[in-house]
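Input: a single structure, listed below in structure tokens.
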Protein chains: 4
Amino acid sequence: MPLLHQIAHLAHVEIRTPVVDQSVAFFTNYLGLTVNGESGDSVFLRAWDDYENITIKLTGHATSGVGRTCLRAASPEALQARVREIEASGRGVGWVAGDQGYGDTYVFTDPDGHEFGLYYDSEWFRPTDELKPALKNQAQAYPARGVSVRRLDHINFLGVDVVANRDYLRDTLGALVTEQIVLDDGSVAGSWTTFTNKGYDAVYTRDRTGTAGRLHHIAFATDTREDILKAADIALEQGVFIETGPHKHAIQQTFFLYVYEPGGNRIELCNAGARLVLAPDWQPVDWTEAERAKGQAWGLQTIESFHTHGTPPVTPS
Amino acid sequence: MPLLHQIAHLAHVEIRTPVVDQSVAFFTNYLGLTVNGESGDSVFLRAWDDYENITIKLTGHATSGVGRTCLRAASPEALQARVREIEASGRGVGWVAGDQGYGDTYVFTDPDGHEFGLYYDSEWFRPTDELKPALKNQAQAYPARGVSVRRLDHINFLGVDVVANRDYLRDTLGALVTEQIVLDDGSVAGSWTTFTNKGYDAVYTRDRTGTAGRLHHIAFATDTREDILKAADIALEQGVFIETGPHKHAIQQTFFLYVYEPGGNRIELCNAGARLVLAPDWQPVDWTEAERAKGQAWGLQTIESFHTHGTPPVTPS
Amino acid sequence: MPLLHQIAHLAHVEIRTPVVDQSVAFFTNYLGLTVNGESGDSVFLRAWDDYENITIKLTGHATSGVGRTCLRAASPEALQARVREIEASGRGVGWVAGDQGYGDTYVFTDPDGHEFGLYYDSEWFRPTDELKPALKNQAQAYPARGVSVRRLDHINFLGVDVVANRDYLRDTLGALVTEQIVLDDGSVAGSWTTFTNKGYDAVYTRDRTGTAGRLHHIAFATDTREDILKAADIALEQGVFIETGPHKHAIQQTFFLYVYEPGGNRIELCNAGARLVLAPDWQPVDWTEAERAKGQAWGLQTIESFHTHGTPPVTPS
Amino acid sequence: MPLLHQIAHLAHVEIRTPVVDQSVAFFTNYLGLTVNGESGDSVFLRAWDDYENITIKLTGHATSGVGRTCLRAASPEALQARVREIEASGRGVGWVAGDQGYGDTYVFTDPDGHEFGLYYDSEWFRPTDELKPALKNQAQAYPARGVSVRRLDHINFLGVDVVANRDYLRDTLGALVTEQIVLDDGSVAGSWTTFTNKGYDAVYTRDRTGTAGRLHHIAFATDTREDILKAADIALEQGVFIETGPHKHAIQQTFFLYVYEPGGNRIELCNAGARLVLAPDWQPVDWTEAERAKGQAWGLQTIESFHTHGTPPVTPS
């Protein structure tokens, strides 16, 4: 049975930062997210087009890095079926209560140790009058502040063993491999997988430092490539560090900009136009070393820090 | 069991025209499609981002209107399961051979009599050297000619009984209702349904003339709203008739332009930014008469011909 | 001697409003202007790309309407030469001190009674640290708030006698007529004139009510047409009244959106791409009644209020 | 007396190429220009928004490089006055007949030896039926082919002595210096000058090879930055060599893409949004070495070939 679409979508991500206030300022003033409550050391933030209560859970911590990455199952049945697979894999941790707005969550880790949560029960976001959108088919009023990103788009994990991690998501969650980098020695240096009709939702890139559990970046979607050019203008204006871009990836044809939030985590702004993966028999597109040597789509060479900068794995806090 | 995603996507549509040569010129010079073979009275055309061999089958006929609308099933098993449901509904016609590039197709009709085909076997398009794209994750070279639409987006059928037709697609194919117009008397005047993460793939709008089997329009996706403004510029320049737009629909928030191809069929150019329907528990958004009376999103009143112009049902040729 | 370019540009406009606070909120939150001081009943506002201290002088008043429209001369010599012409015309009022940031100003009226000011001495805007731009060739940091209009673009006056007013600007200030509406009876119903390489800076449109001294609208420039689509999205979201648009004028090919600020004055957001008038022997483009009857560029009919709504002439306050 | 605006605009440029047919294919299929006649070894090409008959004169030659750069004077009087200044400078060559569509032209050279022509008499382009635009205020129908550039924007000359060349244009033609690169030793490595309200029309950049008379690039204007992203997509698709970009210059804030036409000449696609230089007392913006070391606006380092690749001076053919 095809497992694709058993996971409805990437739901929200927990990001750790040693400078919570500065990070909140970045997410609200630069990206245009809205604060939607807090709990303990964590602040919850929302992108205007996300229908749930949380897009980012920003948690104060000694280091930067990714915390729990949450996925929403397509149905209660799909949730139970996925949990059975995960338990069978021996990587299950167990059920925990959700944060505000979503229910019981099954926690597990990928082979690299990145933590995931899987749930189905979710309360839709109910905007206050101030955040009420003019059109009822929209979750929240468009903020018109900073980049005003539409929604969380994807997450890119650094991994010691790309294939092991990628196959784990494929086998337990039904992720579909859409594109990958296959080196001359046959090893896979990067793998893009999707749960939806988007080109990708979760990516693993080889961690050249051999460290397990690091984050490469999380990404937010904009409506146009011009929005990303404006994101670069605004980054310059607001003193946000631009690592590379704007330019177009050959892989997935994503137009991108990479910046660092004040906590040190890499953030991508991305747009791939109206591109979707609709073919049910899509075969992975393999990119060779020779092809990668040509640089990005229009020739930009990959910046060195792209291969080295990652934010740390979870450590006991 | 949720049926969503049993149909992979809207695959291609047969459009009838009394002026084949002029219609081909419109599809190639204005929309930027590519001719990909012909058969009998039909010419096959492709949009550059569609991975299969046919986007539009343009068939010479005494009248305009829609012929067979083809959907691709998500798997051989899904195909068989859907055919069983259709047969049980009593609306099945039977298996026929596919055109170039796709295999055996099960033919059936909706309650209004619009003809559908459902298949799984499909050969991916293999571009000639001239049409070979620079990036291997793309089906065909970008034409840079006319509007250069990316892909077929959706079809909008006129229907005598919107609910009967819509429910038929829901019950046999797993279409999800995302938005609808509910009149003060409780009747549904329009219904938007999806098979994918797009906001909609197939729409039924009430035919005020009471005629069964007519077409309201087919639509092509562009990457940006600016592409649609350019489409209006080019329409003016090439003498293509603009019916209404560009403007933004409140429903689905689609930015639109409606033009007529020389055979008289209405064609939409559409873009909804990066908007997707990802929630597995999406509830239909109901639009009331009062809300519709406000016009489109920014206030444009719906043009009268939008309620009257449709292209005819299939008649014995 | 050709007079074109004796006037450097339209500098700033005084707008009257009975609801100053609400109007300030509109100009700052919706348009993205910045408050830059106040004086008496007036608040000074700036667009980020204007190099002088004032873009709009917003003045509390019993009614809406336009106050003084200020132009900057191209040189001290040009100022003196223009003042001599104005004095000779008998429409001069005399010298007054400028507001903050610009010097002695010669006041005069056009035949309709709209008040103008002409000056040369001007202090460039010096941003505070908070408003300091990242790039030194820019006047002020990009606000990334609301529409974030770039600069004042043009003013459109209603006039009883279009030709008399237009010729007055041509003869005394060197305005060049670029386009006009010539009715079947030979009369001119609208005239677009420029002082620069832009298609137009000052427009006169016939006031069908026969009232002298009214304002049709003032306009702000954006970088793209998509910015104007976003301006419509944001207007809807913020409850700003949209009168008509977005659409494209046939005249000057300007992409437009018309909204009303809370005081009742009509505001246009406009963009004409990279279009410039560079020909030194440009001849006025005449638009006939038959051509106007086709509607705007893509067919939108001109909204009735466009012919009736204007904001009142100056009355003794 | 201020000389600015004595020159109406950069009119057209002669480009030499050893591969005329391939270069014509580039200008027509990639850039979207239209062939408008030929004479001897030269082919005349037009951009759709240029009102004169020639945008580019493409001349077969043993080498690449720039031929004569033609400017249109603002009036017959301005032409005579400029010629008197040029003659007085000792760099005048004399009067020659114009090519098709423009009249007697005074030829001269800048200190580096680049050849210029100055004329006033010009016949406006009269489109054939096929090229007739839908809107009468436009020179030619929008081609909707390739990049479809709007008009010639500027020329960038390599020069041995930037200041000598720049001052020559300033003193004889009234060019205004808007921005410049001033090295730590006080010398000027690049200077941007304008004849219009555009940020620049003619640029001199220091030739590090010490060769006189070379061309750095010519540039074409597009309406949006997205048009330039599409230009990069189409370059990749059509096999056009991309040297660098798309990115944003800090200087003049121009969004750019640099490609080479088949003859080897560098071509820029450029857009600066709605930015204009309107201040009559504009002071040159000086960029220091330290500022230049930061790279372009968003951090892209200047590519090495940008400092070395130029196309050769005129040699006896």
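The values are calculated or read from the model by the stated rules, or taken from the named source; none is laboratory data. All values reported here derive from a predicted model rather than from experimental measurement. Every residue, glycine as well, gets a Cβ built from its backbone with ideal geometry; the counts of neighbours run over all protein chains shown.
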Would you check which residues across the stretch B:11-70 are under 21 Å from B:Phe125 (Cβ atoms) and among the β-branched types (Val, Ile, Thr) and list them? B:Val13, B:Ile15, B:Val24, B:Thr28, B:Thr34, B:Val35, B:Val43, B:Ile54, B:Thr55, B:Ile56, B:Thr59, B:Thr69
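Yes/no matrix, rows are residues, columns are (1) aromatic (Phe, Trp, Tyr); (2) more than 18 Å from the chain's Cα centre (by Cα); (3) under 27 Å from D:Thr311 (Cα atoms):
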{"position": "D:Arg84", "(1), (2), (3)": "no, yes, no"}
{"position": "D:Arg91", "(1), (2), (3)": "no, yes, yes"}
{"position": "D:Trp95", "(1), (2), (3)": "yes, yes, yes"}
{"position": "D:Gln100", "(1), (2), (3)": "no, yes, yes"}
{"position": "D:Asp104", "(1), (2), (3)": "no, yes, no"}
{"position": "D:Gly113", "(1), (2), (3)": "no, no, yes"}
{"position": "D:Phe116", "(1), (2), (3)": "yes, no, yes"}
{"position": "D:Tyr119", "(1), (2), (3)": "yes, no, yes"}
{"position": "D:Ser122", "(1), (2), (3)": "no, yes, no"}
Keeping to the stretch A:220-232, report how many residues are crowded, with 24+ Cβ neighbours inside 10 Å and either assigned to a strand (DSSP E or B) or more than 14 Å from chain B (Cβ to nearest Cβ) (or both). 2
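For the stretch B:254-317, which fully contained strands (runs of 3 or more DSSP E) count at least 2 residues that are closer than 20 Å to B:Leu229 by Cβ, at pLDDT 95 or above and touching a strand residue (DSSP E or B) at 6+ places or on another chain (Cβ under 8 Å)? Before you say what the answer is, go through the steps one by one.
Working: elements: B:255-260, B:266-271, B:285-287.
In the stretch B:254-317, B:255-260, B:266-271 are the strands (runs of 3 or more DSSP E) which contain 2 or more residues that are closer than 20 Å to B:Leu229 by Cβ, at pLDDT 95 or above and touching a strand residue (DSSP E or B) at 6+ places or on another chain (Cβ under 8 Å).
Of everything in the stretch C:122-132 that's of a type outside the set (A, V, I, L, M, F, W, C) and away from chain A (no Cβ under 11 Å), which residue is farthest from D:Gly299 (Cα to Cα)?
Of all residues in the stretch C:122-132, those of a type outside the set (A, V, I, L, M, F, W, C) come to C:122-123, C:126-130, C:132.
With the extra rule that they be away from chain A (no Cβ under 11 Å), the set shrinks to C:122-123, C:126-130.
Details: C:Ser122: 34, C:Glu123: 32, C:Arg126: 26, C:Pro127: 24, C:Thr128: 25, C:Asp129: 22, C:Glu130: 22 Å.
Filtering first and then ranking leaves C:Ser122.
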For the stretch D:152-189, give me each residue that is out of contact with any helix residue (DSSP H, G or I) (no Cβ under 7 Å at 6 or more places or on another chain), part of a strand (DSSP E or B) and acidic (Asp, Glu). D:Asp153
Matching option when the condition is aromatic (Phe, Trp, Tyr), crowded, with 18+ Cβ neighbours inside 10 Å, in contact with a Gly (Cβ under 6 Å, 6 or more places away or on another chain) and closer than 29 Å to D:Val35 by Cα, among D:Phe116, D:Phe108: D:Phe108
Is it the case, given these coordinates, that B:Gly40 is surrounded by fewer than 17 Cβ atoms within 10 Å (Cβ to Cβ) and within 27 Å of B:Gly310 (Cβ to Cβ)? yes
Could you say whether any residue in the stretch A:244-264 is facing another protein chain (nearest Cβ under 8 Å) and surrounded by fewer than 20 Cβ atoms within 10 Å (Cβ to Cβ)? yes
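Take the residues of the stretch C:163-174 that are buried (at least 21 other Cβ atoms within 10 Å of the Cβ) and closer than 27 Å to C:Gly295 by Cα: which is farthest from the other protein chains (Cβ to nearest Cβ)?
Pass one, the stretch C:163-174, residues buried (at least 21 other Cβ atoms within 10 Å of the Cβ): C:165-166, C:168-169, C:172-174.
Okay, now just the ones that are also closer than 27 Å to C:Gly295 by Cα, so C:165-166.
Numbers: C:Asn165: 22, C:Arg166: 18 Å.
Among those residues, the one meeting the criterion is C:Asn165.
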Of the conditions (1) without any contact (Cβ under 8 Å) to a residue 40 or more places away in the chain; (2) under 24 Å from D:Ala212 (Cα atoms); (3) not basic (Lys, Arg), D:Pro111 fails just one. Which one is it? (1)
Which members of the stretch D:140-157 meet the condition of being of a type in the set (A, V, I, L, M, F, W, C), under 19 Å from C:Val277 (Cα atoms) and within 13 Å of chain B (Cβ to nearest Cβ)? D:Ala141, D:Val149
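Given the options B:Val285, B:Val314, B:Val240, B:Val277, name the one that is on the phi < 0 side of the Ramachandran plot, touching a residue at least 12 places away in the same chain (Cβ under 8 Å) and at the interface with another protein chain (Cβ under 7 Å from one of its Cβ atoms). It would help to see each step written out before you state the result.
Working: B:Val314 fails: at the interface with another protein chain (Cβ under 7 Å from one of its Cβ atoms); B:Val240 fails: at the interface with another protein chain (Cβ under 7 Å from one of its Cβ atoms); B:Val277 fails: at the interface with another protein chain (Cβ under 7 Å from one of its Cβ atoms).
Going through B:Val285, B:Val314, B:Val240, B:Val277 in turn, the sole match is B:Val285.
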D:Val160 is checked against (1) more than 10 Å from chain B (Cβ to nearest Cβ); (2) β-branched (Val, Ile, Thr); (3) surrounded by 22 or more Cβ atoms within 10 Å (Cβ to Cβ) and fails just one. What number does that condition carry? (3)
Hey, any hits in the stretch A:200-208 for a residue that's touching a residue at least 60 places away in the same chain (Cβ under 8 Å) and β-branched (Val, Ile, Thr)? no
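Mind checking which residues of the stretch D:121-132 are part of a loop (DSSP other than H, G, I, E, B) and free of Cβ contacts under 8 Å to residues at least 12 places away in the same chain? Lay out the reasoning, then the answer.
Initially, the stretch D:121-132 is screened for residues part of a loop (DSSP other than H, G, I, E, B), giving D:121, D:123-128, D:132.
D:Arg126, D:Thr128, D:Lys132, listed by residue number.
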Return the only residue of B:Val24, B:Val35 being touching a helix residue (DSSP H, G or I) at 6+ places or on another chain (Cβ under 8 Å) and either free of Cβ contacts under 8 Å to residues at least 12 places away in the same chain or assigned to a helix (DSSP H, G or I) (or both). B:Val35
State which residue pairs qualify: first residue within 16 Å of B:Asp112 (Cα to Cα) and inside the stretch B:57-75, second residue modelled with pLDDT under 95 in any location, beta carbons under 6 Å apart, and separation of 6 or more residues or different chains. B:Gly65/B:Thr311; B:Gly65/B:Pro312
Can you spot a residue in the stretch C:294-309 that is more than 19 Å from C:Gly213 (Cβ to Cβ), charged (D, E, K, R) and within 12 Å of chain D (Cβ to nearest Cβ)? yes
Lone unmet requirement of (1) in contact with a strand residue (DSSP E or B) (Cβ under 7 Å, 6 or more places away or on another chain); (2) within 14 Å of chain B (Cβ to nearest Cβ) for A:Thr205: (2)
Quick check on the stretch A:120-132. Is at least one of its residues hydrophobic (A, V, I, L, M, F, W, C) and more than 24 Å from B:Leu278 (Cα to Cα)? no
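In this structure, is A:Arg91 in contact (Cβ under 8 Å) with a residue 24 or more places away in the chain, basic (Lys, Arg) and within 14 Å of chain B (Cβ to nearest Cβ)? Before the answer, list the steps.
Details: in contact (Cβ under 8 Å) with a residue 24 or more places away in the chain: yes; basic (Lys, Arg): yes; within 14 Å of chain B (Cβ to nearest Cβ): no.
Spelling it out, it is not the case that A:Arg91 is in contact (Cβ under 8 Å) with a residue 24 or more places away in the chain, basic (Lys, Arg) and within 14 Å of chain B (Cβ to nearest Cβ).
Can you go through A:Leu79, A:Leu135, A:Leu71, A:Leu118 and tell me which one is at pLDDT 95 or above, within 14 Å of another protein chain (Cβ to nearest Cβ) and in a loop (DSSP other than H, G, I, E, B)? Don't jump to the end; show me each part of the working.
Details: A:Leu79 fails: in a loop (DSSP other than H, G, I, E, B); A:Leu71 fails: in a loop (DSSP other than H, G, I, E, B); A:Leu118 fails: in a loop (DSSP other than H, G, I, E, B).
Exactly one of A:Leu79, A:Leu135, A:Leu71, A:Leu118 is at pLDDT 95 or above, within 14 Å of another protein chain (Cβ to nearest Cβ) and in a loop (DSSP other than H, G, I, E, B), namely A:Leu135.
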Name the pairs whose Cβ atoms lie under 6 Å apart, with the first residue in the stretch A:43-54 and touching a residue at least 12 places away in the same chain (Cβ under 8 Å) and within 11 Å of chain B (Cβ to nearest Cβ), the second part of a strand (DSSP E or B) and among the small types (Gly, Ala, Ser), and 6 or more positions between them or separate chains? A:Glu52/A:Ser122
Please indicate, with yes or no, whether at least one residue in the stretch C:145-152 is of a type outside the set (Phe, Trp, Tyr) and over 21 Å from the mean Cα position of the chain (by Cα). yes
